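Report on one structure; see the data block that follows.
The values are calculated or read from the model by the stated rules, or taken from the named source; none is laboratory data. The model shown is predicted, which means the values in this text are computed figures rather than measured ones. Cβ coordinates were reconstructed from backbone atoms using ideal geometry, including for glycine residues, and neighbour counts include every protein chain displayed. Heavy atoms of the whole protein, side chains included, go into the accessibility calculation; ligands, DNA and RNA do not. Shrake-Rupley method; radii C 1.70, N 1.55, O 1.52, S 1.80 Å.
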Amino acid sequence: RRMATEERVLCFERKLLEQLGVFQGINLEVERFLPTVTSSSQVLYLNRSEAEQDKRYKQLIPYVLVICQDQILRYRRGRGGQETRLHGLYSVGIGGHISEDDHGLFSSGQGYRDGMRRELLEEIAVEEVNEAAVALINDDSTDVGFVHFGVVHVLHVASEAIVGRRSGIVGPEFIPIAEAMKDPSGYESWSRFCLEHLDLLLAKAAASGVSAPDRVTD
């Protein structure tokens, strides 16, 4: 591995979003946006420090909701996470920037999906990634939101035996979906968007063939 060079993160040009139609908050029209903004001809890697400041680009961020039966995984953002503006808030989204390091010498192209899966496997212990992309998040109301673009995925797992592997994930726990939806105020904004529309997101995942597996008994 090279000396500690700066992380390069997967982005697309903001003007693509402007062509497709800028929206604020959550948008369920995955088919309208995702193929374009993740297309290998449109994505590029930029130094993270530059991407955070350059409003001509959006960084692609997978945001995976992990569901076990009628429960959802939540955690707090810890000191290990680089995004200090989110510390202390609850999150129900697992994932983060997709780094250039994510694809090795032999992988083809700059795949969003491969990067998303690798990111997920680094964060939590799941055997297989059976997920569906169900929504997109755009929040141009904040500086940090302006340079990011979220892709919401739903992942169903059969067992709660999933451990936070990174210092950025503190106190991961499964809580009843109903409880999470009751009071979204302690959550980061992207999680609030997801919780407010969770019924729709889960229905959309089920329509894509991704739904609860049989419960694994220990």
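Of the residues that sit in the stretch 161-176 and are of a type in the set (A, V, I, L, M, F, W, C) and modelled with pLDDT of 85 or more, which one is most open to solvent (accessible area, probe 1.4 Å)? Step through it out loud before you land on a result.
Quick first cut of the stretch 161-176, residues of a type in the set (A, V, I, L, M, F, W, C) only: 161-163, 169-170, 174-175.
Now drop any that are not modelled with pLDDT of 85 or more, which leaves 174-175.
Working: F174: 30, I175: 10 Å².
If we take residues in the stretch 161-176 being of a type in the set (A, V, I, L, M, F, W, C) and modelled with pLDDT of 85 or more, then F174 is most open to solvent (accessible area, probe 1.4 Å).
Residue-wise test of (1) modelled with pLDDT of 90 or more; (2) over 15 Å from G93 (Cβ atoms); (3) not β-branched (V, I, T).
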| site | (1), (2), (3) |
| --- | --- |
| S141 | yes, yes, yes |
| F146 | yes, yes, yes |
| A178 | yes, yes, yes |
| P184 | no, no, yes |
| G209 | no, yes, yes |
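Please go through the stretch 47-67 and give me each residue that is open to solvent by 10 Å² or more (accessible area, probe 1.4 Å) and of a type in the set (F, W, Y), ordered by number.
Keep residues of the stretch 47-67 that are open to solvent by 10 Å² or more (accessible area, probe 1.4 Å), which gives 47-50, 52-57, 61.
The one that is open to solvent by 10 Å² or more (accessible area, probe 1.4 Å) and of a type in the set (F, W, Y): Y57.
Given the criterion farther than 16 Å from R113 by Cβ, polar (S, T, N, Q), in contact (Cβ under 8 Å) with a residue 40 or more places away in the chain and open to solvent by 60 Å² or more (accessible area, probe 1.4 Å), identify the matching residue among Q71, Q24. Break it down stepwise before answering.
Details: Q71 fails: open to solvent by 60 Å² or more (accessible area, probe 1.4 Å).
The conditions single out Q24.
Name, by its number, the condition in (1) within 25 Å of S208 (Cα to Cα); (2) open to solvent by 80 Å² or more (accessible area, probe 1.4 Å); (3) part of a loop (DSSP other than H, G, I, E, B) that does not hold for R32.
Every condition holds for R32 apart from (3).
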